[in-house]
Amino acid sequence: MHIKSQLTKIITDALNQLGVTSSNITVTEATKPEFGDYQYNGAMALAKELKSNPREIANKIADIIKTNPIFSDVSVAGPGFLNLTLESTFIAKNLPLALNERAGVAKKSDPIKVVVDYSSPNMAKQMHVGHLRSTIIGDTIANLFEFLGDEIIRQNHIGDWGTQFGMLIAYFEENGKESNSKLSDLEEFYKEAKACFDADEEFAKRAREYVVKLQGGDAKCLSLWSAFIEKSLEHCQDVYDTLGVKLDKSAVKSESSYNDDLAQVVQDFQKKGISTKSQDAECIFFEGSDNPLIIQKSDGGFLYATTDLAAIKFRTQELGAKRICYVVDARQSEHFKQVFAAARRVGYATDDVKLEHIAFGVMLDKSGKPFKTRDGGTVKLKDLIDESIKRARDIISRANEYTPKELEKIAYTVGVGSLKYADLSINRQSNYIFDWDKMLSLDGNTALYMQYAYARINSILNRAKDVAITLETPLIEDELERRLALKILTLDDTLYRAYVDASPHIITGYLYELATLFMKFYELNPILKEGVKEQTKQSRLLIAKAVANAIKTSLNILGIDVLERI
RNA sequence: GCACUCGUAGCUCAGCUGGAUAGAGCAUCUGAUUGCGGUUCAGAAGGUCACAGGUUCGAAUCCUGUCGAGUGUACCA
């Protein structure tokens, strides 16, 4: 649909006729219903440039575009606001588009290849709450981009290399047969190994020796190491499957897989004279910063910065990515700033490649402190998901009677959906205060509210199964119906805005507005009650269908399922 | 110390890149409705957008400073 860009084009054309070739023309949604549907505020800014009166400019634009049948009203208000109201027939005519399987959303005309790097768990430990945001936000972004037509390559940059593995191998070796059974709870295993590492100087030394052996290609160490990874990956896959996150083996591209490229990366920088030796380490310095990016340690070892650079090289040169999104904790913003700058300098990323750090804040508890278990430990992701499902089960079973099978399905869908929605519905940049009650509330901007709205509409549509809808476009009989129908059509613009900012909360914001608007609409405009005229009934059913479709489509992008009944 | 991010209603958050009287939800108060799913709808109240300057027709948004919070700061990932 792209209403906004259609309007922008209309304004741009009008300005061209007036001899103005300004870039950066943007039409925005009206701030209030009284101001129409959309507004253009650029006349005031142009006034200075043209040394003219803003109202006059706005009036000139209005005179030109007034004749366009898309508008029912074009007016100039205040110092030079141009208020645009769309013709209802235009809205009505386009609404049927929203009933198709893409909910009326067009694919991009210029699809590109995008790498989305997300989740990236550490293979030495079990996944914990710290991985939740990256996994959920990353998956949504990948879904969104994919839906809009880009070619998405999901990359799970798993941490399978480093000193912790020497620790695990040492602990495994020294605990003989017991180790095998302990391995099933990787978290425990890691904790115990870590305890030894911290407490026992000798053990720590042996662990470091194992790291050297592992890196040297020792066969026994390698086989143990890959056994750890396999075990750990199984656990991750289990979490991904439960969450409905589209990550699997094909997305895994581990840190260690870049091992063979690291020496070349350092050489690339050396050859171009970008890096220099400082305190025996190979460093890249940046203007205005004292801290360099170190790509090779004084002992010859490589670091994660080196791996990240190798990954950028791989992604641009081998995969051909034009946009690379790193869905990683905001704390690493300096790191990425440096890595991106380095990648550009050395030529791994040319100007046509966008490198983005999709940063997000940390998860906090209700009191604003880091999210921990009661005894101060990290919360396992598996446990968090299980609790969410359990809480969802409690809440819904209070409201209705279900068969055990139904209850499980609904509890699962609501539990996982709520966990995701709560995370996605706030601006990813800021820290996120986790609150069970708020998250599973039916009031407000929550998954449950959306799922419930969907189920309600579905219930109406089921009840109306026998009504033959011969009407092709809705009637748009009142203001609320008009606003709702228009809102349905703006899904397209919304998704594109979320695309540009890589911000899922723009989608949830839209969903909430859509759902509340529908609730108001159907409170005032009964659909199946006695006395509703046949045409009106059909029109309202058409709108209800489109709303349901928009909700379902949007939720699916967020990785959340709808339920036909709650 | 330096760098980055942030500071909006009692609480949790929006605010579409500089626009009109700063918006939601929760909590509080009031009302409607025997309800096409009451886990509803409508309304009230709640604000010096941390503070002080500046830029301009116009600032929560941009710049400077102050205060407060968080994070990061040379060979871990």
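Anything in the stretch A:419-437 that is near RNA strand B (Cβ under 10 Å from one of its atoms), in contact with a His (Cβ under 7 Å, 6 or more places away or on another chain) and among the hydrophobic types (A, V, I, L, M, F, W, C)? List them, or say none.
If the condition is that a residue be near RNA strand B (Cβ under 10 Å from one of its atoms), in contact with a His (Cβ under 7 Å, 6 or more places away or on another chain) and among the hydrophobic types (A, V, I, L, M, F, W, C), then A:426 is the only one that fits.
Table: residues versus (1) exposed (fewer than 14 other Cβ atoms within 10 Å of the Cβ); (2) touching a strand residue (DSSP E or B) at 6+ places or on another chain (Cβ under 6 Å); (3) touching a residue at least 12 places away in the same chain (Cβ under 8 Å); (4) assigned to a helix (DSSP H, G or I).
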site: A:207; (1), (2), (3), (4): no, no, yes, yes
site: A:210; (1), (2), (3), (4): no, no, yes, yes
site: A:214; (1), (2), (3), (4): no, no, yes, yes
site: A:217; (1), (2), (3), (4): yes, no, no, no
site: A:222; (1), (2), (3), (4): no, no, no, yes
site: A:225; (1), (2), (3), (4): no, no, yes, yes
site: A:232; (1), (2), (3), (4): no, no, yes, yes
site: A:238; (1), (2), (3), (4): yes, no, yes, yes
site: A:261; (1), (2), (3), (4): no, no, yes, yes
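For the stretch A:93-126, give me each residue that is of a type outside the set (D, E, K, R), under 19 Å from the mean Cα position of the chain (by Cα) and outside any strand (DSSP E or B).
Across the stretch A:93-126, the qualifying residues are A:105, A:111, A:112, A:118, A:119, A:120, A:121.
To keep it simple, each residue is scored yes or no on (1) within 21 Å of residue A:106 (Cβ to Cβ); (2) surrounded by 15 or more Cβ atoms within 10 Å (Cβ to Cβ).
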position	(1), (2)
A:518	no, yes
A:529	no, no
A:542	yes, yes
A:547	yes, yes
A:551	yes, yes
A:555	yes, yes
A:559	no, yes
A:562	no, yes
A:566	no, yes
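Among the numbered criteria (1) in a loop (DSSP other than H, G, I, E, B); (2) under 30 Å from residue A:329 (Cβ atoms); (3) touching a helix residue (DSSP H, G or I) at 6+ places or on another chain (Cβ under 7 Å), which single criterion is violated by residue A:430?
Unmet for residue A:430, out of (1) in a loop (DSSP other than H, G, I, E, B); (2) under 30 Å from residue A:329 (Cβ atoms); (3) touching a helix residue (DSSP H, G or I) at 6+ places or on another chain (Cβ under 7 Å): (3).
So residue A:368 fits all but one of (1) in contact with a helix residue (DSSP H, G or I) (Cβ under 9 Å, 6 or more places away or on another chain); (2) within 11 Å of RNA strand B (Cβ to nearest atom); (3) outside any helix (DSSP H, G or I); what number is the exception?
(1)
Residue-wise test of (1) of a type outside the set (Gly, Ala, Ser); (2) more than 25 Å from the chain's Cα centre (by Cα).
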residue	(1), (2)
A:467	yes, yes
A:506	yes, no
A:511	yes, no
A:515	no, no
A:524	yes, yes
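Say whether the condition of being away from RNA strand B (no atom under 16 Å from the Cβ), crowded, with 23+ Cβ neighbours inside 10 Å and modelled with pLDDT under 90 is met by at least one residue in the stretch A:160-167.
The answer is no, given that none of the residues of the stretch A:160-167 is away from RNA strand B (no atom under 16 Å from the Cβ), crowded, with 23+ Cβ neighbours inside 10 Å and modelled with pLDDT under 90.
Within the stretch A:363-400, restricting attention to residues that are under 28 Å from residue A:117 (Cα atoms) and touching a Gly at 6+ places or on another chain (Cβ under 8 Å), which residue is surrounded by the most Cβ atoms within 10 Å (Cβ to Cβ)?
Across the stretch A:363-400, the extreme among qualifying residues is A:388.
So, in the stretch A:267-288, exactly how many residues are assigned to a loop (DSSP other than H, G, I, E, B) and out of contact with any helix residue (DSSP H, G or I) (no Cβ under 8 Å at 6 or more places or on another chain)?
6
Can you work out which of the residues in the stretch A:44-79 that are near RNA strand B (Cβ under 9 Å from one of its atoms) and within 37 Å of the chain's Cα centre (by Cα) is surrounded by the fewest Cβ atoms within 10 Å (Cβ to Cβ)?
The qualifying residue surrounded by the fewest Cβ atoms within 10 Å (Cβ to Cβ) is A:45.
Kindly indicate which of A:295, A:324 is assigned to a strand (DSSP E or B) and within 16 Å of RNA strand B (Cβ to nearest atom).
A:295
Residue check: is residue A:465 in the same structural domain as residue A:545 (by TED's automatic domain parsing) and at pLDDT below 90?
Answer is yes for this residue.
Starting from the stretch A:528-557, keep only residues that are assigned by TED's automatic domain parsing to the domain that holds residue A:455, then list their pairs with residues that are in a helix (DSSP H, G or I) and loosely packed, with under 15 Cβ neighbours inside 10 Å whose Cβ atoms are within a distance under 8 Å, requiring at least 6 positions of separation or different chains.
So the pair list comes out as A:528/A:463.
Taking interchain pairs and intrachain pairs at least six residues apart, which have beta carbon atoms under 8 angstrom, with the first residue in the stretch A:461-489 and free of Cβ contacts under 8 Å to residues at least 60 places away in the same chain and the second polar (S, T, N, Q)?
A:478/A:525; A:480/A:525
Considering every residue within the stretch A:57-71, establish whether at least one is within 16 Å of residue A:487 (Cα to Cα), without any contact (Cβ under 8 Å) to a residue 12 or more places away in the chain and not small (Gly, Ala, Ser).
no
Can residue A:460 be described as touching a strand residue (DSSP E or B) at 6+ places or on another chain (Cβ under 9 Å) and near RNA strand B (Cβ under 8 Å from one of its atoms)?
no
If the requirement is being under 26 Å from residue A:241 (Cα atoms) and without any contact (Cβ under 8 Å) to a residue 12 or more places away in the chain, which of these qualifies: A:378, A:403?
A:403
Just checking, which of A:545, A:465 is touching a Leu at 6+ places or on another chain (Cβ under 8 Å) and among the charged types (D, E, K, R)?
The unique qualifying residue is A:545.
Mind telling me which of the residues A:523, A:481, A:513, A:564 ends up being among the charged types (D, E, K, R) and more than 10 Å from RNA strand B (Cβ to nearest atom)?
Numbers: A:523 fails: more than 10 Å from RNA strand B (Cβ to nearest atom); A:513 fails: more than 10 Å from RNA strand B (Cβ to nearest atom); A:564 fails: more than 10 Å from RNA strand B (Cβ to nearest atom).
Just one listed residue meets the conditions, A:481.
Residues in the stretch A:219-229: is at least one modelled with pLDDT under 90 and touching a His at 6+ places or on another chain (Cβ under 8 Å)?
Among the residues of the stretch A:219-229, not one is modelled with pLDDT under 90 and touching a His at 6+ places or on another chain (Cβ under 8 Å), which makes the answer no.
Just one of (1) in a helix (DSSP H, G or I); (2) within 33 Å of the chain's Cα centre (by Cα) trips up residue A:245, so point out which.
With respect to (1) in a helix (DSSP H, G or I); (2) within 33 Å of the chain's Cα centre (by Cα), residue A:245 is out only on (1).
Hey, can you tell me all the residues within the stretch A:378-418 that are within 12 Å of RNA strand B (Cβ to nearest atom), assigned to a helix (DSSP H, G or I) and polar (S, T, N, Q)?
Hits for the stretch A:378-418 are A:397, A:418.
Which is touching a strand residue (DSSP E or B) at 6+ places or on another chain (Cβ under 9 Å) and outside any strand (DSSP E or B), of A:83, A:59?
Going through A:83, A:59 in turn, the sole match is A:59.
The values are calculated or read from the model by the stated rules, or taken from the named source; none is laboratory data. On a predicted model such as this, the values are computed, not experimentally measured, just so you know. Positions of Cβ are backbone-derived with ideal geometry, glycine not excepted, and every protein chain shown enters the neighbour counts.
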